[in-house]
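Here is the structure we will look at.
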């Protein structure tokens, strides 16, 4: 099975907001943003980050608020909560207290107050929702952590401009790799750059159920045909390739793919699977990943 390389759509609000700035100003903001994400555990204030970025706190607050539509303090709090939610979801063996400190909260109680205020949920219930909750429930919750915009979120706005393409694929196959507790972040930690050799297929009919009932088939596609033990049917697929850095953008991209199919009058094959492939992954704390998403489309010729 061969796949052609394409330039991915950059699905990162910060990149979209900084792109129009002059190079010198963009570089300063990029340095500040990197510090905000890298130094969560240090509990640096936005004023300290501004000073370390060679920007006066007054000018940083004014410029940041105008550019990002939220104050640097609110942005930092939102990023901290995003990371806390991610760890509560994905790091089952990590204690809640350790997660709180890792994300820059003074205590688990301090994190609990923020979770309750912003998301209306406890850390225990959040972890349980990864098994009993549904993708649509997770999407609604993560939307509360999205980058604010005048209408909805910036992720939703970027999703509307996401390019897609209808592509016909012959039958494809993979060599299955058993992963009972599959999620891409765990895969990245285990496989690193070799994650790009893997593909996941998830039955579309199961996406309305709870996370615990969804089955995933993961496997290597860059192997000899003789090793295939799972096959993806031939046919038309509505496809996109995106570079993203957050779970919020990940879900928004997939939802946009289904939304665009409906708007174009395409019939999604409910008996098929959504295909997820990793094109590239940056093995850094603030790095992102490039994904190819594909959903099967019924074409009556």
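Here are some notes:
- In the range 156-183, residue surrounded by the most Cβ atoms within 10 Å (Cβ to Cβ) [restricted to those that are in contact with a strand residue (DSSP E or B) (Cβ under 7 Å, 6 or more places away or on another chain) and under 29 Å from residue 87 (Cα atoms)]: 162
- Residue identified as outside any helix (DSSP H, G or I) and either without any contact (Cβ under 8 Å) to a residue 24 or more places away in the chain or in contact with a helix residue (DSSP H, G or I) (Cβ under 8 Å, 6 or more places away or on another chain) (or both) among 54, 32, 50, 16: 54
- Residue satisfying all of: in the range 191-208; touching a residue at least 24 places away in the same chain (Cβ under 8 Å) and exposed (fewer than 15 other Cβ atoms within 10 Å of the Cβ); farthest from residue 130 (Cα to Cα) among these: 193
- All positions within the range 50-74 that are more than 18 Å from residue 13 (Cα to Cα) and surrounded by 18 or more Cβ atoms within 10 Å (Cβ to Cβ): 50, 53, 55, 60
- Flag if residue 77 is in contact with a helix residue (DSSP H, G or I) (Cβ under 8 Å, 6 or more places away or on another chain), buried (at least 16 other Cβ atoms within 10 Å of the Cβ) and not assigned by TED's automatic domain parsing to the domain that holds residue 232: yes
- Looking at 81, 44, just one residue is closer than 24 Å to residue 102 by Cβ and in a helix (DSSP H, G or I), and that residue is 81.
- The residue that is surrounded by the fewest Cβ atoms within 10 Å (Cβ to Cβ), among those in the range 209-253 that are out of contact with any strand residue (DSSP E or B) (no Cβ under 8 Å at 6 or more places or on another chain), assigned to a helix (DSSP H, G or I) and free of Cβ contacts under 8 Å to residues at least 60 places away in the same chain, is 226.
- On inspection, residue 153 passes the criterion of being buried (at least 18 other Cβ atoms within 10 Å of the Cβ) and within 15 Å of the chain's Cα centre (by Cα).
- Number of residues in the range 159-195 that are out of contact with any helix residue (DSSP H, G or I) (no Cβ under 8 Å at 6 or more places or on another chain) and modelled with pLDDT of 95 or more equals 11.
- All conditions in (1) more than 17 Å from the chain's Cα centre (by Cα); (2) assigned to a helix (DSSP H, G or I); (3) crowded, with 17+ Cβ neighbours inside 10 Å hold for residue 188, with the sole exception of (1).
- Helices (runs of 4 or more DSSP H) enclosed by the range 94-176 - at least 2 residues per element that are free of Cβ contacts under 8 Å to residues at least 40 places away in the same chain: 96-102, 108-119, 123-132, 135-143
The values are calculated or read from the model by the stated rules, or taken from the named source; none is laboratory data. Here the structure is a predicted model, which means the values were calculated and not measured. Positions of Cβ are generated from backbone atoms using ideal geometry, with glycine treated the same way; all protein chains shown enter the neighbour counts.
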